[in-house]
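Beneath this line is the structure, given in structure tokens, with notes to follow.
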Amino acid sequence: MLDLLAPIAAAADLTIPAEHRLPIAVVGAGSIVDVAHLPAYRAAGLEVVGLHDLDERRAHEVAARHGVERVYGSLEELLADERVAVVDIAVAPQAQPPIASAALSAGKHLLCQKPFAPDIATGRKVVDLAASLGLKVAVNQQLRFDEGIAAARAMVRAGWIGEPTTMTFTVNIATDWSAWDWLVATERLEIVYHSIHYLDAIRSVLGDPVTVFCTGSRTPGQLAIGETRTMSTLIYPGDVRALVHSTHENRTGDHEAAFRIDGTEGAIKGTLGLLYDYPHGRPDTLQVSSRTLPTDGWLPYPVTTRWLPDAVAGPMGSLLAAIAGGGEPETSGSDNLGTLALLDALYRSMETGESQGLRPA
Ligand SMILES: NC(=O)c1ccc[n+]([C@@H]2O[C@H](COP(=O)([O-])OP(=O)(O)OC[C@H]3O[C@@H](n4cnc5c(N)ncnc54)[C@H](O)[C@@H]3O)[C@@H](O)[C@H]2O)c1
């Protein structure tokens, strides 16, 4: 049995080969860079040459904390640094597209934040500009690379649960939005900033749905303007379905963040440890019950790493592999237009109260 788990573990491994590693500069020194990007890059053996943030005091503080030697006074200064091969953008989303275009024009490969762009047309422009310059763009949709999700996807691909029929995420947590004034003020919140991870992870296992239905709502007394509770149903050809139920106003402290994939020959179920104690978290759990192996009931899989910071090495590693070997990163800008198209359909459904078809990205 242990031998059977080895290829699953290999598929979830995020080691970045030394020959792929290139110098990185980071734009934005906010909380995600501090708690996830810089720790993940250091653990992966990557060199961060320098960083830039409009808030210079914050930039110096974060650089000092993580041993990053250089703080650039401007984006132009960062882009003029010839040592920098890859620019990792981690700013509030409206600021991202102009930074992405400037970095591509300076000849840098890109790792963009999710959401990749405010709309598909803007994302398409970044993808097309990169293609015309022969540069690679990846999007930091790192839940796909989280060990529990990646191992579950590998089990599905190995046929352990037969034909997958359903994938679900059930998340009931308390999110303190007050640390992000731009998130508190946004009209579209839960799907575009949080469930986007689950939706992208579902796409990595099941592909794109044909039709969706989504309802979003608020909880009396909540701080944020936008929706904090969403239920999204994804309808695929035949009998395949997916469901994301996510709420951020759990008032009782009994956090839950679970996922499950059912199939014709078994099922996989797990938890996202990060969301039980954000941002510290705990490792995911994962179990599989299979008639094809077979297992004797639920077999635990030993997950040893976390969504944050560990999975952040995934999109960067995939980008560096594409730069080194050709091809596209797994979460390429081009692929992410599909995630944006899914978001577009879900918000159309939320606003109309009716199911919506996906429009081609
Ligand atoms: N798991 C994840 O993938 C994950 C988690 C959290 C946040 N995010 C994303 O990361 C991005 C940043 O989130 P955060 O939590 O770090 O936000 P934050 O508000 O803590 O930090 C954003 C930083 O960007 C800086 N900034 C804004 N505009 C800039 C510009 N034009 N040039 C340089 N610096 C600029 C700000 O000064 C601030 O320090 C967002 O797009 C968010 O959606 C992703």
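The values are calculated or read from the model by the stated rules, or taken from the named source; none is laboratory data. Source: prediction; values computed, not measured. Positions of Cβ are backbone-derived with ideal geometry, glycine not excepted, and every protein chain shown enters the neighbour counts.
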Let me confirm something: among Ala117, Ala103, which residue is farther than 25 Å from Leu199 by Cα and either away from the ligand (no atom under 11 Å from the Cβ) or surrounded by 17 or more Cβ atoms within 10 Å (Cβ to Cβ) (or both)?
Ala103
Qualifying position, being touching an Asp or Glu at 6+ places or on another chain (Cβ under 6 Å), at pLDDT 95 or above, crowded, with 18+ Cβ neighbours inside 10 Å and farther than 30 Å from Arg157 by Cβ, among Val62, Val33, Val87:
Val62
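Every residue, every condition in (1) closer than 30 Å to Ala158 by Cα; (2) at pLDDT below 95; (3) more than 16 Å from the ligand (Cβ to nearest atom), yes or no:
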site	(1), (2), (3)
Glu190	no, no, no
Ser195	yes, no, no
Leu199	yes, no, no
Cys214	no, no, yes
Arg229	no, no, yes
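So that you can scan it fast, the table gives a plain yes or no per residue for (1) of a type in the set (S, T, N, Q); (2) under 21 Å from Arg359 (Cβ atoms); (3) in a strand (DSSP E or B):
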{"residue": "Gly216", "(1), (2), (3)": "no, yes, yes"}
{"residue": "Gly221", "(1), (2), (3)": "no, no, no"}
{"residue": "Glu227", "(1), (2), (3)": "no, no, no"}
{"residue": "Thr230", "(1), (2), (3)": "yes, yes, yes"}
{"residue": "Thr233", "(1), (2), (3)": "yes, yes, yes"}
{"residue": "Gly238", "(1), (2), (3)": "no, no, no"}
{"residue": "Ala242", "(1), (2), (3)": "no, yes, yes"}
{"residue": "Thr252", "(1), (2), (3)": "yes, no, no"}
Which pairs have Cβ atoms under 8 Å, sit 6 or more apart or on different chains, and link a residue in region 306-323 that is farther than 14 Å from Tyr41 by Cβ to one that is at pLDDT below 95 and among the basic types (Lys, Arg)?
Arg306/Arg282
Based on what the data block shows, is Pro164 more than 15 Å from the ligand (Cβ to nearest atom) and under 25 Å from Ala6 (Cβ atoms)?
yes
